Structures are given as structure tokens and as C-alpha cells.
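The values are calculated or read from the model by the stated rules, or taken from the named source; none is laboratory data. Computed from a prediction, not measured in an experiment: that's the story for all the values here. Here Cβ is always computed from backbone atoms with ideal geometry, including for glycine, and neighbour counts include all displayed protein chains. Accessible surface areas use protein heavy atoms only, side chains included; no ligands, DNA or RNA. Shrake-Rupley method; radii C 1.70, N 1.55, O 1.52, S 1.80 Å.
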Amino acid sequence: MRMWQLARTELATGVRSTLAAAGAAFGVLLIVNIASVSSWDQWQFHLVFYPLLLLIGGHINTSLAFKELHDKQRSYMYLTLPASQAEKYVTKLLITTVGYTLATLVVYFLFSLAAAGIGQLIFGMAHPIFDPFHPVIWESIGLFIATHAVTFFGAVYFRRLHLINTLLWASIIGIALGIIGVLLLRVVFGDFLGGGFHLNVDAGN
């Protein structure tokens, strides 16, 4: 199957950077986890840091999905891969949503096991092990998937600073739509809301 072969190629190409990023995240989270182990019974560590890892890391990863397409030296290799454009887009889509989500669930669970073991060994206490079936975790996954399309489009459309440009234009469009929506609401339903939208012109005496 061409999409499976394409996915293998995609994963093999980015394996070094992926492992480096995973290692860095693992190390930082481990330090924070151990440093906060004394308050393990006062808050839920994993309900804070897994959503952050999923959402922030997921959108950064998605924003870089088409970096080779915008690289003059590497774009030729990408465009000549033995697959249709639709197959390339769908493969990237699956890797950056399903693939990334599953990978973070597995890696984060392993991290929680390691952190719990180290905490118990050194301090005799530890944050609980990560529960991947907690409702908050699945709400975070749903939010990531719902917002993923915007970042994915930005990764394809913008040539540089993919995530920054995506956030900037999403904010501009959101504000513009909000203003238009409020104005339309005032014009159409103003009488029901306690006053319509009126333009007063002083014609003088």
C-alpha cells in the first residue's frame, strides 16, 4: 500500500528530530515532576502537563509537517515521491493527528512510570501514574483534533514561521468575524435586545 510506504518514509526521515524532541520533553517533565513530588496529593500533575504536551507539542509538530515542501533544496524530493498529492496530505494528516496522539499517550505513560519509580525510590512518595482514560485527557485530545485543521492548513499555506503566521491570521479573522457577528446581531435583533442599531444624523435647525 503506497500510503503505508509513504508513512514509513515520513517517519524514518524525521526519526532523529522526533527522538531528540521526545528526549528533551521527557527530561524537562521528569525534573518538574520530581521537583513537585512533595505536593503530589494537592493537585493532579498529569492533567496539567499532558494537555500542554499534546496541544503545544502537537501544534508545533503539525506546523512543521510540510517544511520540506517550502525548502527549495528538499521540495523536489518531496514532490517526486511515488504518491499522489491527496495521499501525501492524508498521510501527513494521519501522522500529525492519530500518530502523534497515540505516540504521546504511550510515551507519557512510560514517563509517568519512570517518574513514579524514581520518586518512590528517592523520596518515598510520587505523583500517581498517568491515567490515559481520564475524561480531561480525552477532552484535550478532542480539542487538539478540533483545532488541528487550522494549523495543518497554515503548514501548507505559509512558507515561513508557519505556526506564528497561523496564530496571527486566525486571531485577525476571529476578531473580524466577532465584530461582524455583533454588528449583525445588533442590526437584526436589536429591538429584542433592548435597542436597535441607529445612525443619528443632526440636520441642524
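So ALA86 clears everything in (1) free of Cβ contacts under 8 Å to residues at least 12 places away in the same chain; (2) within 20 Å of the chain's Cα centre (by Cα) except one condition, right? Which one? Result: ALA86 fails condition (2) only.
The set of residues in segment 130-152 being surrounded by 13 or more Cβ atoms within 10 Å (Cβ to Cβ) and either outside any helix (DSSP H, G or I) or among the aromatic types (Phe, Trp, Tyr) (or both) consists of PHE130, ASP131, PRO132, HIS134, PHE144, PHE152. Search segment 108-125 for residues being more than 26 Å from the chain's Cα centre (by Cα) and open to solvent by less than 70 Å² (accessible area, probe 1.4 Å), and hand back the single one that is nearest to VAL48 (Cα to Cα). Residue satisfying both the conditions and the ranking: ALA116. Can you name every residue in segment 153-183 that is open to solvent by 60 Å² or more (accessible area, probe 1.4 Å) and of a type in the set (A, V, I, L, M)? Once the filter is applied, which keeps residues that are open to solvent by 60 Å² or more (accessible area, probe 1.4 Å) and of a type in the set (A, V, I, L, M), segment 153-183 yields LEU161, ILE164, LEU167, LEU168, ILE172, ILE173, ILE175, LEU177, ILE179, ILE180, VAL182, LEU183. Beta carbons closer than 8 Å, at least 6 apart along the sequence or on distinct chains, never pair a first residue in segment 34-48 that is under 9 Å from VAL136 (Cβ atoms) with a second that is open to solvent by 80 Å² or more (accessible area, probe 1.4 Å) and of a type outside the set (Phe, Trp, Tyr). Exactly one residue out of HIS162, HIS127, HIS134, HIS148 is more than 27 Å from ILE95 (Cβ to Cβ) and touching a residue at least 40 places away in the same chain (Cβ under 8 Å), and it is HIS127.
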